[in-house]
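Working notes for the structure below.
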Amino acid sequence: MKKCRICKSPIEPFISFGQMPIANGFLTREQFADEYFFELQAAFCANCTMVQLIDQPEPQKMFHENYAFFSSTSKRMAVHFEEFANHVKKDYLTSSNPFVVELGCNDGIMLQHFANSGIKHLGIEPSVNVARVANEKGVQTISEFFNESTAKDILGKYGQTDAFLAANVMCHIADFNSVIAGIKMLVNPDGIVMFEDPYLGDVIEKTSYDQLYDEHVFLFSLSSIKYAFEQYDMELVDIEPQGTHGGSMRYIIAHKGARLVSKNVYTQLEKEKEMKLNKVETYNVFRKNCEKSRDSLKQLLVDINKRGKRVVGYAATSKSTTILNYCGIGPDLIEFISDTTPIKQGKFSPGMHIPVRAYEEFMAKYPDYAVLLAWNHGEEIMDKEKQFKAAGGKWIIFVPEVKVV
Ligand code: SAH
Ligand code: TMP
Ligand code: ZN
């Protein structure tokens, strides 16, 4: 029997997506034979309400000097992180010489806005290639995996922080308790912790099961975050829901008693009860919804293929690794996936080995259908690709339901 990563209660999986490769592990033909697979299974802990993967590959298999995800590929996300930085500067940096720490700062998409204002800062980013880009932008970044022990070193070298920030990384770290222990010592008594991740409520509501992949070892909710931080005498004091990545939640946390708890927290906790996020039945219904979604997407592609139409995937996202492998969609159904990230181009998608090609190939000869694998960047993409529609192209979407638009 497996144990909850947070509270150590026994847990059992409510879904298995089968064998999965590393979601960002785009590979060459020569690497096919040695590709790494693990079973992607998710569980719900009835005690602390945390939704989590049963197994996660070692962090070094996912985050390294060839990490394929560069945050700045999305213009909308660049704007989002500039706004996040401005909000922190305006509302939370009140001391005369503040110090800001960001976990998983990637290519410096957010921290650059502190660096450019001359604010003392530190990025902690284990993937060396993206950290290098951050450093080149003038963002001071060290390549470490954050946990309690690295927090101790950082504390010794740099002192306590006023604002500990993170986006789309807290849910990546299996030993979350160690992260919280590190945060506890690193954040000064009046300091603030702000982090955002895809929100469990949205995943359940939209059947966006592709939010589960190797990197996403947790799907957070207010109730699970509250529990996790309370173990370390820290308190969830506010939330700020976000539209990014298909629905995210920003959590604001302080040392216990340091700040008032906003009524937003109580209201949203009530909503989570109404949504039954604390009940195991919810996850059994979710599994059935995933199976339905899988079957209809596969059937749709098989039918289109029989009609002899061209289908291309739009954006080789990490999330799409779960979709393509769980649904069994390979190069027989999708000709290639177009993506703007140079490191992914010329390689093959993890597991299903669909070729990944430059965006220009999509532009050069529009397919009949494009599967919107980056549905979380849907608005930005629809705006950009008006011509594809005008030329008679159709989008295949699968969140919140499978349809052609
Ligand atoms: N914050 C960025 C990047 C998210 S991707 C954004 O929202 O776009 C997650 C990042 O976290 C990766 O760059 C990865 O290398 C980093 N990461 C993974 N484990 C980490 C850890 N233990 N400590 C710090 N960063 C980590
Ligand atoms: P993500 O969903 O994991 O954030 O990854 C986004 C991927 O989508 C990344 O590889 C870049 C790619 N992409 C495009 O190819 N075109 C686009 O217009 C956008 C927004 C993203
Ligand atoms: Zn638990």
Residues (away from ligand 1 (no atom under 14 Å from the Cβ), open to solvent by less than 10 Å² (accessible area, probe 1.4 Å) and in a helix (DSSP H, G or I)) located in the stretch 191-216: Leu200, Gly201, Val203, Tyr209, Asp210
What number of residues within the stretch 349-380 satisfy the criterion of being modelled with pLDDT under 95 and open to solvent by less than 60 Å² (accessible area, probe 1.4 Å)? 4
Can you tell me which residue within the stretch 1-21, out of those that are open to solvent by 20 Å² or more (accessible area, probe 1.4 Å) and outside any strand (DSSP E or B), is farthest from ligand 2 (Cβ to nearest atom)? Met1
When the stretch 168-192 is checked residue by residue, the ones that are at negative phi and either polar (S, T, N, Q) or touching a His at 6+ places or on another chain (Cβ under 9 Å) (or both) are Cys171, His172, Asn177, Ser178, Lys184, Val187, Asn188, Pro189, Asp190, Gly191
Quick one: is Arg250 within 16 Å of ligand 1 (Cβ to nearest atom), among the basic types (Lys, Arg) and either assigned to a loop (DSSP other than H, G, I, E, B) or under 16 Å from the mean Cα position of the chain (by Cα) (or both)? yes
Looking at the stretch 232-245, is at least one residue crowded, with 19+ Cβ neighbours inside 10 Å, under 15 Å from the mean Cα position of the chain (by Cα), under 30 Å from Tyr36 (Cβ atoms) and not assigned by TED's automatic domain parsing to the domain that holds Arg287? yes
Say we look at the stretch 340-351 and pick out the residues that are touching a Ser or Thr at 6+ places or on another chain (Cβ under 8 Å) and of a type outside the set (Gly, Ala, Ser); which of these is farthest from ligand 2 (Cβ to nearest atom)? Phe348
Count of residues meeting criterion [in a strand (DSSP E or B) and open to solvent by less than 10 Å² (accessible area, probe 1.4 Å)] in the stretch 381-405: 2
Please specify each residue of the stretch 40-69 satisfying the condition of being part of a loop (DSSP other than H, G, I, E, B) and within 16 Å of ligand 2 (Cβ to nearest atom). Phe63, Asn66, Tyr67, Ala68, Phe69
I'm trying to understand the selection: among the residues of the stretch 22-39, which are assigned to a strand (DSSP E or B), open to solvent by less than 40 Å² (accessible area, probe 1.4 Å) and either under 21 Å from Asp175 (Cβ atoms) or within 16 Å of ligand 3 (Cβ to nearest atom) (or both)? Phe38
Working carefully through the options Ala42, Ala68, Ala46, find the one that is open to solvent by less than 50 Å² (accessible area, probe 1.4 Å), touching a residue at least 60 places away in the same chain (Cβ under 8 Å) and closer than 23 Å to Gly201 by Cα. Ala42
Filter the stretch 338-348 down to the residues that are in contact with a Lys or Arg (Cβ under 7 Å, 6 or more places away or on another chain) and either among the β-branched types (Val, Ile, Thr) or open to solvent by less than 10 Å² (accessible area, probe 1.4 Å) (or both) and list them by number. Ser338
If I go through the stretch 346-405 residue by residue, how many of them are more than 19 Å from the chain's Cα centre (by Cα) and among the polar types (S, T, N, Q)? 1
Looking at (1) modelled with pLDDT under 95; (2) in contact with a Cys (Cβ under 6 Å, 6 or more places away or on another chain), which is the only condition Lys298 fails? (1)
Scan Val280, Val217 and give me the residue that is in contact with a His (Cβ under 9 Å, 6 or more places away or on another chain), of a type in the set (A, V, I, L, M) and within 16 Å of ligand 3 (Cβ to nearest atom). Val217
Residue check: is Glu361 over 23 Å from Val402 (Cα atoms) and either free of Cβ contacts under 8 Å to residues at least 12 places away in the same chain or assigned to a helix (DSSP H, G or I) (or both)? yes
Taking Thr73 as the residue in question, decide whether it is more than 23 Å from the chain's Cα centre (by Cα) and among the β-branched types (Val, Ile, Thr). no
Could you go through the stretch 109-116 and let me know if any residue there is over 17 Å from His64 (Cβ atoms), in contact with a Ser or Thr (Cβ under 7 Å, 6 or more places away or on another chain) and within 12 Å of ligand 1 (Cβ to nearest atom). yes
Restricting the stretch 344-378 to residues that are farther than 25 Å from Ser248 by Cβ and of a type in the set (Val, Ile, Thr), the residue that is farthest from ligand 1 (Cβ to nearest atom): Ile354
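Matching residues to (1) over 23 Å from the mean Cα position of the chain (by Cα); (2) on the phi < 0 side of the Ramachandran plot; (3) open to solvent by less than 70 Å² (accessible area, probe 1.4 Å):
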| residue | (1), (2), (3) |
| --- | --- |
| Lys263 | yes, yes, no |
| Leu269 | no, yes, yes |
| Arg287 | no, yes, yes |
| Gln299 | yes, yes, no |
| Val302 | yes, yes, yes |
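The values are calculated or read from the model by the stated rules, or taken from the named source; none is laboratory data. This is a predicted model, so every value here is computed, not measured. Because the Cβ atoms are built from the backbone with ideal geometry, glycine has one as well, and the counts that use them run over all protein chains shown. For accessibility, only protein heavy atoms count, side chains too; no ligands or nucleic acids. Shrake-Rupley method; radii C 1.70, N 1.55, O 1.52, S 1.80 Å.
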